[in-house]
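This report refers to the structure that appears directly beneath it.
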Amino acid sequence: MSIESKRKYFLTGGTGFLGSYLFIELCKKGYLVTLLCRSKDGVCAAKRVESIIKWFGFKPEDFPYLKVIEGRIDADGLGLEESYYSELAVKGIEFIHCASDTDFAERNRSVIESVNIGSLLNVLRSAKNSGAVHFHYLSTAYSAGAFEGECPEELSFPDKFTNVYEETKNKAEKIAGTFCKENKIKLTIYRPSIVYGESGTGRSRKFNALYYPVKAVSYIRDIMLKDIFERGGKRASELGVGLKENGALVMPIRLKSVTGGKINLIPVDFFAKAMTAIIEISGNGGIHHIVNGDPGDLGELIIYTSKYFRIEGLRVVNGDSEGAGNKNGLEELFESYIKMYLPYIADKRVFLTDKTSDLLAEKNIVCPKMSYEIFKKCIDYAVISEW
């Protein structure tokens with residue numbers, strides 16, 4: 001295939017968690033990929049991308065069609081010289097916008113809105129100026145908002161949101177939709193659920209979402225063990241924590257769930273393959289959920305966590321059941337660490353995949369169900385990497 005006939009992509013967010021896996025997948029397929037990247041902490045864009053390539057086990061020369069340019073999504077024209085657009089405006093260029101602020105904190109609303117909405121407009125305008133034929137926008141399945149029930153693969157108009165991140169991603173989808181329609185640019189929106197590490201190796205470039213509640217359990221366990229072995233265990237005993245003869249640590253923590261609540265987890269390798277496949281064949285645009293069609297529940301995650309850390313006493317209670325209230329000190333401590341993630345570990349949103357399932361099935365791309373084997377690989381790697 002000649003260089004002229006190769007598909008050409010301009011991608012933002014390539015140094016982020018999902019963006020890095022996506023650009024590596026595109027490069028492995030031999031596409032022409034241009035990454036927009038900023039310098040950070042005194043490291044230039046090219047060096048930052050080079051370190052990512054090496055993390056994945058490749059060398060820069062393995063990807064001869066990869067180009068890195070220095071710029072910023074928060075700057076007018078992406079911080080690029082006007083003359084650069086004539087170079088960028090090659091026939092058939094497609095934009096892939098992965099960069100976003102995934103912070104949930106309301107106190108950071110202005111920054112999150114600036115990145116997820118303001119910077120999106122900068123990228124959309126640059127796509128127009130470059131003559132882009134297709135705009136691929138990485139959103140989230142949770143743009144559906146604080147909602148119970150079926151979430152179709154279409155724009156949603158919820159009354160409320162769990163956090164500012166969901167809200168800005170929902171607004172961004174609509175902004176992208178309007179802009180692309182007015183400027184006759186095809187638009188595809190990708191909505192992954194909760195993404196964790198690689199299903200085969202456990203490796204990951206980021207440890208949040210799934211990892212954060214598990215890390216919180218590990219952190220509390222270590223505090224309790226230190227108290228038992230170094231201070232006689234008085235504080236642990238007051239919290240109902242004790243060490244059994246078999247070496248298991250008893251930690252009485254109840255986690256609230258709801259009947260039918262699920263936690264929708266997908267490994268990052270599945271995400272990268274799925275999004276790449278949709279990019280390749282989504283000629284007419286549309287919205288696609290990249291999710292687990294058979295999500296597990298909080299009970300399974302507790303079993304895996306308890307087994308891995310040799311803990312007893314973790315259990316699920318229905319939020320409306322008798323005894324679900326009146327949190328003990330240990331539960332209050334745990335919830336203080338994971339408060340922002342609670343809506344996602346007992347979720348009644350059901351993400352429909354009418355447009356996506358058959359497409360991925362044709363490519364033989366299947367999301368593996370979380371198992372203890374996968375969980376162990378991921379947490380092993382997280383622990384070795386010091387989270």
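The values are calculated or read from the model by the stated rules, or taken from the named source; none is laboratory data. Just so you know, these numbers come straight off a predicted model, no measurement behind them. We place every Cβ from the backbone using ideal geometry, glycine too, and count neighbours over all the protein chains shown. Each accessible area value is taken on the protein alone, full model and side chains, heavy atoms only, with ligands, DNA and RNA left out. Shrake-Rupley method; radii C 1.70, N 1.55, O 1.52, S 1.80 Å.
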Item to check | Nearest-ten-degree value, helix 268-281 long axis tilted from longest Cα axis of the chain | outcome: 30 degrees
Next on the checklist: Whole-Hz ³J(HN,Hα) for each residue in the range 229-238, computed from phi via Karplus 6.51 cos²θ - 1.76 cosθ + 1.60 with θ = phi - 60°, x for glycine and proline: what do you get?
Outcome noted: 7, 10, 10, x, x, 4, 4, 4, 4, 4
Checklist entry - Can you give the charge dipole size of the chain about its Cα centre, rounded to the nearest 20 debye, using +1 on the beta carbon of Lys and Arg and -1 on the beta carbon of Asp and Glu? => result 560 debye
Checklist entry - What does the helix-only formula give at 222 nm for the chain: each DSSP H stretch with n ≥ 4 adding -39500 (n - 2.57), the total divided by the residues, and the result rounded to the nearest 500 deg cm²/dmol? => result -11500 deg cm²/dmol
Checklist entry - Amide H of Val350: which non-local residues (sequence gap of 5 or more, or other chain) have their own amide H closer than 5 Å, using H built in the peptide plane? => result Gly149, Glu150, Cys151
Checklist entry - Do you know the relative contact order of the range 266-387, to the nearest whole percent, from alpha carbon pairs under 8 angstrom that are 6+ apart? => result 47 percent
Item to check | Size of charge dipole - the range 118-244 - debye, nearest 20, with Cβ of Lys, Arg +1 and Asp, Glu -1, no other charges | outcome: 520 debye
Checklist entry - Once the dipole of the chain is set up with Lys and Arg at +1 and Asp and Glu at -1 on Cβ about the Cα centre, which of Gly329, Val43, Phe135 lies farthest towards its positive end? => result Val43
Checklist entry - With axes computed from alpha carbons, what is the tilt in degrees of helix 119-129 against the longest principal axis of the chain, rounded to the nearest 10 within 0 to 90? => result 20 degrees
Next on the checklist: Under 10 Å, Cα contacts only: if you run a Gaussian network model on the chain, which one of Gly260, Gly313, Gly14 comes out with the highest mean-square fluctuation?
Outcome noted: Gly260
Checklist outcome for this item: Here D for the range 8-157, in µm²/s, from Stokes-Einstein with a Kirkwood Rh over Cα pairs at 20 °C and 1.002 mPa s, works out to 130 µm²/s
Item to check | Over 21 Å (Cα to Cα) - which of Lys47/Lys128; Lys160/Lys206; Lys54/Lys206; Lys54/Lys215; Lys29/Lys54; Lys174/Lys262 fall in this group | outcome: Lys47/Lys128; Lys160/Lys206; Lys54/Lys215; Lys174/Lys262
Checklist entry - So what's the gap between the Cα centers of the range 322-371 and the range 172-203, to the nearest angstrom? => result 19 Å
Checklist outcome for this item: So, for the Cα atoms of the range 275-372, Rg and Dmax in Å stand at 18.4, 54
Checklist entry - Near the amide H of Leu314, under 5 Å away, which other amide H atoms are found, from residues 5 or more places off or on another chain, if H is placed in the peptide plane? => result Met251, Ile253
Checklist entry - With every protein chain kept in the model, how would you rank Lys67, Lys181 by accessible area, 1.4 Å probe, largest at the top? => result Lys181, Lys67
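Which order do the peptides 246-256, 126-136 come out in when sorted by mean C-beta neighbours inside 10 angstrom, highest first?
126-136, 246-256
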Checklist outcome for this item: Checking rank on 39-52, 280-293, with mean other Cβ inside 10 Å and highest first, the result is 280-293, 39-52
Checklist entry - What are the ³J(HN,Hα) values, in whole Hz, obtained from phi via the Karplus relation 6.51 cos²θ - 1.76 cosθ + 1.60 with θ = phi - 60°, for each residue of the range 29-34 in sequence order, with x given for Gly and Pro? => result 8, x, 6, 7, 10, 10
Item to check | Contact order normalised by residue count of the chain, Cα under 8 Å, 6+ apart, percent | outcome: 17 percent
